[in-house]
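Please read the structure below before turning to the comments.
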Amino acid sequence: MSDRLSPGDPAPDFTLGDDAGATTTLSDLRGRKVIVYFYPAAMTPGCTKQACDFSDSLESLRGEGYEVLGISPDKPEKLAKFRERDGLGITLLSDPDRSVMQTYGAFGEKKLYGKVVEGVIRSTVVVDEQGTVELAQYNVKATGHVAKLRRDLGLD
């Protein structure tokens, strides 16, 4: 696992495919603030709750100048089913080799049901308009995370 990011670090650039076959490149979003969140698996209870929370907040987040990118190791086909099943409005990106997750410190050892395993660490990184990390949160909880993030960003 690579080191975790901290405020002030340059956000590593990436290009990933989405559920519709298009690609998203972080540097193409310069001039906007970007919330990049990493989650373990589409269509699981916690990840669904978190994705729905971000989708429900998308309009107000965009009103504050934020874009939201959700990244998981799922294949685009599964992400498309996830979007359709839950009516998600956020951008869902596929990182099947987990390389972006590793670069962001969102993949590595974690505790799962008391055992140490290697996997996706539920994390959120907020990137400012210049491509610098504004906020980095690791081991976040799926439920209530968007509300906490809004408070941490001074949006409530």
message: Taking the conditions exactly as written (in contact with a helix residue (DSSP H, G or I) (Cβ under 6 Å, 6 or more places away or on another chain), in contact (Cβ under 8 Å) with a residue 24 or more places away in the chain and not acidic (Asp, Glu)), does SER57 satisfy them or not?
response: yes
message: So, SER123, is that one hydroxyl-bearing (Ser, Thr, Tyr), surrounded by 13 or more Cβ atoms within 10 Å (Cβ to Cβ) and under 11 Å from the mean Cα position of the chain (by Cα) or not?
response: yes
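Quick one: in the range 52-73, which of the residues that are among the hydroxyl-bearing types (Ser, Thr, Tyr) and not in a helix (DSSP H, G or I) is surrounded by the most Cβ atoms within 10 Å (Cβ to Cβ)?
Looking at residues that are among the hydroxyl-bearing types (Ser, Thr, Tyr) and not in a helix (DSSP H, G or I), I get SER72.
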query: Which residue out of ARG150, ARG98, ARG122 is over 19 Å from LYS33 (Cβ atoms) and touching a helix residue (DSSP H, G or I) at 6+ places or on another chain (Cβ under 9 Å)?
result: ARG122
- request: Look at the range 79-98 and say how many of its residues are surrounded by fewer than 18 Cβ atoms within 10 Å (Cβ to Cβ), free of Cβ contacts under 8 Å to residues at least 40 places away in the same chain and not acidic (Asp, Glu).
  value: 4
message: Would you confirm whether or not the range 41-51 contains a residue that is more than 13 Å from the chain's Cα centre (by Cα), surrounded by 20 or more Cβ atoms within 10 Å (Cβ to Cβ) and touching a residue at least 12 places away in the same chain (Cβ under 8 Å)?
response: no
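Wholly within the range 74-141, which strands (runs of 3 or more DSSP E) include no fewer than the required count, namely at least 1 residues that are more than 14 Å from LEU16 (Cα to Cα)?
Working: elements: 91-94, 107-112, 115-120, 123-127, 133-138.
Strands (runs of 3 or more DSSP E) meeting the threshold: 107-112, 115-120, 123-127, 133-138.
Values quoted throughout were computed directly from the atomic coordinates according to the rules given, and no laboratory measurement underlies them. All values reported here derive from a predicted model rather than from experimental measurement. All Cβ positions, glycine included, derive from the backbone under ideal geometry; neighbour counts span all protein chains shown.
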